[in-house]
Ligand SMILES: Cc1cc2nc3c(=O)[nH]c(=O)nc-3n(C[C@H](O)[C@H](O)[C@H](O)COP(=O)(O)OP(=O)(O)OC[C@H]3O[C@@H](n4cnc5c(N)ncnc54)[C@H](O)[C@@H]3O)c2cc1C
């Protein structure tokens, strides 16, 4: 063992949730907090550049996971990028800011997440935001996360917004992060600073507290195992510079390694489905069958149209938005479709997307998937990637959602407001729509739900995010969501981090 240290708290991973936790726990002088992050510092110049993040995908700042072959996608394996860097996903993501739908949180509480109400979520969102549109019943100012309304002028599309409004949706400048998320067309919000640079978890929560003497942040430190003694977490083991280290905790270990790796770490430490642990000869601490189950992810499919004239290429990937519920049989369910619109091919994607002339893209995002998957161990070697099997488009209902969305896209494309832009459908065009959807569908990189909270036997943490059956151990990240939110997940992960930290501190 190269070193053994002692802390009050150890936080594993500093992505969206872990960074907030580290910030709040170390706010009290004298409380010793260590953050162990497997990735490196957030220093690459592409991070700050709002169009640069695409260049980070596949780089050393990315875990570069891959799914198992997906039968619902014609047997394709999907690259599953995940941030391996200070700030985690917030350092390499597309910066879209979507808080989720009121009904998502109704669903969480119905599934046993007591107290995780919409009202509690909004209160937390208001505290963390610095919204450029000003303070209101739904928005906050003065918080650490700068939220801006589509700051890329080339991205804004009055054709899409007016077209959707012509069909009867509210708009054309609907605030989907306000009183009602669905059935209004508006501009997308982004976590981008007033300086035009990415406002990541590193920028918002870690950079301002670098000088705290009670906070230790180690990068390149991959946690390989939780140390558990008599069903109590007493520390963690990690690798740094090729050497094995241990750190002991006086109070708690907080696992914030993200929805693909938090369950992996629990299983490596003997917490998980007994048959998984037996298979890999890992001594059992607690049989928790839900660890790694309930994997949910958002799925994207692009529908493309030829446009009339060459417009400036935007830097952001998309910027105009409409949430709808395509399932007429469940009108009270949260929206299942997030329809995004991009009026010209974004500059960061120009080398990847060649439509032989000007084109615009409707990006359809399945946001309430019925297909649910798993994260399991590949081996007992902590450095092996997990087996990720999301079962994309396994449920028929998910394909139907895309087919209904294509009908909506075609209706918007033929509105009066949109007519000038539409010079014909390029994709799917004459290709069979279902075949196209299965051939094109891919991840939106929003894994959630693999250590879900609740009280039933498949839940992993209780509503205070404490792991069932193990003392002094919490999971605080996107994995605890009982059901993935309707829309990009980062805001909810920050909210989980903030509320989780308050719970540790006794709030
Ligand atoms: C390419 C991409 C684009 C995205 N676009 C958007 C978007 O536009 N809007 C949006 O809302 N969401 C987006 N997301 C999703 C969003 O970033 C995530 O929901 C969010 O970051 C998840 O937060 P988290 O705290 O659960 O985990 P993460 O942010 O993933 O943080 C987990 C951290 O733990 C570290 N870690 C993992 N295992 C270990 C270990 N064993 N030891 C030490 N450290 C470890 C990781 O390196 C990482 O830094 C995107 C994600 C990606 C990858």
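The values are calculated or read from the model by the stated rules, or taken from the named source; none is laboratory data. Given the structure is predicted, the values throughout are model-derived calculations rather than measurements. Using ideal geometry, Cβ is built from the backbone for each residue, glycine included, and neighbour counts are taken over all protein chains shown.
Any idea which of 25, 36 is under 24 Å from residue 128 (Cβ atoms), in contact (Cβ under 8 Å) with a residue 40 or more places away in the chain and within 11 Å of the ligand (Cβ to nearest atom)?
36
Does the range 348-360 contain at least one residue that is closer than 12 Å to residue 484 by Cβ, surrounded by fewer than 23 Cβ atoms within 10 Å (Cβ to Cβ) and in contact (Cβ under 8 Å) with a residue 12 or more places away in the chain? So that I can check it myself, show each step before the final result.
First, pick out the residues of the range 348-360 that are closer than 12 Å to residue 484 by Cβ: none.
No.
Is it the case that the range 83-101 has a residue that's more than 19 Å from residue 258 (Cβ to Cβ) and at pLDDT 95 or above? Yes, the range 83-101 contains a residue that is more than 19 Å from residue 258 (Cβ to Cβ) and at pLDDT 95 or above. Within the option set 30, 74, 13, being surrounded by 24 or more Cβ atoms within 10 Å (Cβ to Cβ), on the phi > 0 side of the Ramachandran plot and either in contact (Cβ under 8 Å) with a residue 40 or more places away in the chain or not assigned by TED's automatic domain parsing to the domain that holds residue 223 (or both) holds for one residue only, 13.
Residue 471 meets the conditions (1) in contact (Cβ under 8 Å) with a residue 40 or more places away in the chain; (2) crowded, with 24+ Cβ neighbours inside 10 Å; (3) touching a strand residue (DSSP E or B) at 6+ places or on another chain (Cβ under 9 Å); (4) closer than 30 Å to residue 253 by Cα in every case but one. The failed one is (2). Whether a residue is more than 17 Å from residue 261 (Cα to Cα), more than 16 Å from the ligand (Cβ to nearest atom) and out of contact with any strand residue (DSSP E or B) (no Cβ under 6 Å at 6 or more places or on another chain) was assessed, and residue 69 passes this test.
For the range 441-457, the candidate set comprises residues that are more than 16 Å from the ligand (Cβ to nearest atom) and surrounded by fewer than 19 Cβ atoms within 10 Å (Cβ to Cβ); within that set, the residue that is farthest from residue 116 (Cα to Cα) is 457. If you go through the range 461-482 and keep only what is within 25 Å of residue 333 (Cα to Cα), within 14 Å of the ligand (Cβ to nearest atom) and assigned to a loop (DSSP other than H, G, I, E, B), you end up with 477, 481. If residue 10 passes every condition in (1) under 17 Å from residue 220 (Cα atoms); (2) in a strand (DSSP E or B); (3) touching a helix residue (DSSP H, G or I) at 6+ places or on another chain (Cβ under 7 Å) but one, which one does it miss? It is condition (3) that residue 10 fails.
When residue 45 is tested against the conditions (1) at pLDDT 95 or above; (2) over 20 Å from the mean Cα position of the chain (by Cα), the lone failure is (1). Any residue in the range 281-295 that is within 15 Å of the ligand (Cβ to nearest atom) and more than 23 Å from residue 10 (Cα to Cα)? Looking through the range 281-295, at least one residue is within 15 Å of the ligand (Cβ to nearest atom) and more than 23 Å from residue 10 (Cα to Cα). Would you mind stating whether residue 83 is more than 8 Å from the ligand (Cβ to nearest atom) and in contact with a helix residue (DSSP H, G or I) (Cβ under 6 Å, 6 or more places away or on another chain)? The answer is no for residue 83.
Scan the range 54-71 residue by residue and report those that are under 29 Å from residue 497 (Cβ atoms) and in contact (Cβ under 8 Å) with a residue 60 or more places away in the chain. Please lay out each step first, then the result.
Of all residues in the range 54-71, those under 29 Å from residue 497 (Cβ atoms) come to 54-67.
Passing the criteria: 54, 55, 63, 65, 66, 67.
When residues in the range 483-498 are screened for being within 9 Å of the ligand (Cβ to nearest atom) and in a helix (DSSP H, G or I), 7 of them pass.
Please state which of the following conditions residue 148 fails to meet, knowing it meets all the rest: (1) more than 16 Å from the ligand (Cβ to nearest atom); (2) at pLDDT 95 or above. Every condition holds for residue 148 apart from (1). Can you say whether residue 501 is within 13 Å of the ligand (Cβ to nearest atom) and touching a helix residue (DSSP H, G or I) at 6+ places or on another chain (Cβ under 6 Å), as far as the supplied structure shows? Here the answer is yes, as residue 501 does meet what is asked. Taking each residue of the range 87-99 that is more than 12 Å from residue 19 (Cα to Cα) and looking for partners that are within 7 Å of the ligand (Cβ to nearest atom) and part of a loop (DSSP other than H, G, I, E, B) with beta-carbon atoms closer than 7 Å, six or more apart or interchain, yields 92/57; 92/81; 96/488; 98/488.
State whether one or more residues within the range 210-222 are in contact with a helix residue (DSSP H, G or I) (Cβ under 8 Å, 6 or more places away or on another chain), outside any strand (DSSP E or B), at pLDDT 95 or above and more than 14 Å from the ligand (Cβ to nearest atom). No, every residue in the range 210-222 fails to be in contact with a helix residue (DSSP H, G or I) (Cβ under 8 Å, 6 or more places away or on another chain), outside any strand (DSSP E or B), at pLDDT 95 or above and more than 14 Å from the ligand (Cβ to nearest atom).
Applying the selection to the range 304-318, what residues are under 25 Å from residue 398 (Cβ atoms) and part of a loop (DSSP other than H, G, I, E, B)? Break it down into steps so the answer makes sense when it comes.
The first filter runs over the range 304-318 and keeps only residues under 25 Å from residue 398 (Cβ atoms), leaving 304-305, 317-318.
Answer for the range 304-318, where residues must be under 25 Å from residue 398 (Cβ atoms) and part of a loop (DSSP other than H, G, I, E, B): 317, 318.
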